[in-house]
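A.B. asks: Take a look at the following structure, please.
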Amino acid sequence: MRKVCVVLSARPSYSRIKSALGAINNHKDLELQLVLTASSLLDKYGEVIKNVKADNYKVSAEVFMLIEGETLLTSAKTTGLGIIEIANVFNQLKPDIVVTIADRYETLATAVAASYMNIPLAHVQGGEITGSIDEKVRNAVTRLSDIHLVATKNAVERLKRMGEHPDTIFLTSCPSIDIASSVKRKEELEFDIISKYGGVGADLDMSLGYIVVLQHPVTTEWEEAQEQVTKTLRAIRDLDYNAIWLWPNSDAGSDGISKGIRIFREFEQTNRIRYFTHFPPEDFIRILQHSKGIVGNSSVGIRECSYLGIPTVNIGSRQMGRERGKNVIDVGYNYDEIKKAVRKQWENGHYDSEVLYGRGGAGKKIAGILADIELSIEKSLSY
């Protein structure tokens, strides 16, 4: 039986790979080894490990490697510490394949450790284009990877142009679409958001409609994070719409985002915003489905929301270059632009579904590929 070690580092990683975890776990020729690291273990970032265990996945190892501080220095140090600690885990588990997801610094640590230990590496979501340092990390992980599990046709072509051998590139679509396609929209939300998840801030009347806001720092603009989020906060406040506001991921600049939110809550409070740390993947999709749209710079507005037709206002450079649908309006960190775009999307309503990132079924495809592919750690440019 082939041992497949999947390394999760943060809350978005779980939604990006959850359907594949189930398919790997249920495959007769595969044994799932699940390693949780970094912010996925910490309460302030939603403690994703609780969701993982609630979904009945066995956690093979926990790697506490996140050096807090949310600066460029702590990100670099976390990457280095991650290589050391994750290598120890691989030495104990002895996987046949390692799976890493997307483009975070923990992803790079996983890729380096696996490569130097001669373990074949499979990368999910390579070949995509975005802004920030994510682009560099994603492409570096591509060069270290032996198997590419890719979300879009354009991403496949980019990997070929990068010199990756066509036989190692597989168009699986995005596993996060599996969740979006499985959560059927009902006329009313099946649970009360505040009763189930608490949060802090205003006691919202959800029957009036609401938007979801999720704004992360941009690593190459990390010192501007507080100023950037403050513009968004003030624009949302002055629109006077109900808003469900989610805490950012752990990145350089996250402290600036958090500080901006706390200062706003203290001195510029509104009775129309409530703040939450985290929602599990399926409930997050349900909350989005019943919203008037999402605002910020999360890739969920580009991926899942294009499939679901949910209006998206994408702010700033973080998703620059990523393939997007008609549901997206791009704006800068500008108060007036944000207000105008959010108002337009609120009034527009939902869009037609687009399948840029697939129709579902990625998880089973990924499990099948990992079970059947001939493993190799030898590679060279394929121009």
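A.B. asks: Just to verify a result, which residue in the range 224-250, among those that are assigned to a helix (DSSP H, G or I) and of a type in the set (Val, Ile, Thr), is surrounded by the fewest Cβ atoms within 10 Å (Cβ to Cβ)?
C.D. replies: Restricting attention to the range 224-250, the residues satisfying the condition of being assigned to a helix (DSSP H, G or I) are 224-239.
Okay, now just the ones that are also of a type in the set (Val, Ile, Thr), so 229-230, 232, 236.
Working: VAL229: 28, THR230: 20, THR232: 28, ILE236: 23.
So the residue we want is THR230.
A.B. asks: Within the range 102-136, can you find the residues that are of a type in the set (Val, Ile, Thr) and either crowded, with 22+ Cβ neighbours inside 10 Å or within 21 Å of ILE366 (Cα to Cα) (or both)?
C.D. replies: Within the range 102-136, the subset of a type in the set (Val, Ile, Thr) is 107, 110, 112, 119, 124, 129-130, 133.
Correct list: THR107, THR110, ILE119, VAL124.
A.B. asks: Take the conditions assigned by TED's automatic domain parsing to the domain that holds ILE315, in contact (Cβ under 8 Å) with a residue 60 or more places away in the chain and in contact with a strand residue (DSSP E or B) (Cβ under 6 Å, 6 or more places away or on another chain) and apply them to VAL212. Does it pass? Spell out how you get there, then give the answer.
C.D. replies: On the way: assigned by TED's automatic domain parsing to the domain that holds ILE315: yes; in contact (Cβ under 8 Å) with a residue 60 or more places away in the chain: yes; in contact with a strand residue (DSSP E or B) (Cβ under 6 Å, 6 or more places away or on another chain): yes.
When the stated conditions are applied, VAL212 passes them.
A.B. asks: For residues in the range 160-201 being surrounded by fewer than 12 Cβ atoms within 10 Å (Cβ to Cβ) and without any contact (Cβ under 8 Å) to a residue 40 or more places away in the chain, which is farthest from GLN125 (Cα to Cα)?
C.D. replies: SER195
A.B. asks: Please return the ranges of strands (runs of 3 or more DSSP E) entirely within the range 251-348 where 1 or more residues are touching a Lys or Arg at 6+ places or on another chain (Cβ under 8 Å).
C.D. replies: Details: elements: 273-276, 294-296, 312-315, 328-331.
The strands (runs of 3 or more DSSP E) meeting that bar are 273-276, 312-315, 328-331.
A.B. asks: Criterion first (buried (at least 17 other Cβ atoms within 10 Å of the Cβ), basic (Lys, Arg), under 17 Å from the mean Cα position of the chain (by Cα) and over 25 Å from ILE24 (Cα atoms)) does ARG303 satisfy it? Please lay out each step first, then the result.
C.D. replies: Values: buried (at least 17 other Cβ atoms within 10 Å of the Cβ): yes; basic (Lys, Arg): yes; under 17 Å from the mean Cα position of the chain (by Cα): yes; over 25 Å from ILE24 (Cα atoms): no.
The answer is no for ARG303.
A.B. asks: Continuing with this model, one more query. Looking only at helices (runs of 4 or more DSSP H) that lie completely in the range 38-139, which have at least 3 residues being in contact (Cβ under 8 Å) with a residue 12 or more places away in the chain, within 24 Å of SER176 (Cα to Cα) and under 15 Å from the mean Cα position of the chain (by Cα)?
C.D. replies: Values: elements: 48-54, 72-93, 105-116.
By residue number, 105-116.
The values are calculated or read from the model by the stated rules, or taken from the named source; none is laboratory data. Being a predicted model, the structure only gives us computed values, none of them experimental. Here Cβ is always computed from backbone atoms with ideal geometry, including for glycine, and neighbour counts include all displayed protein chains.
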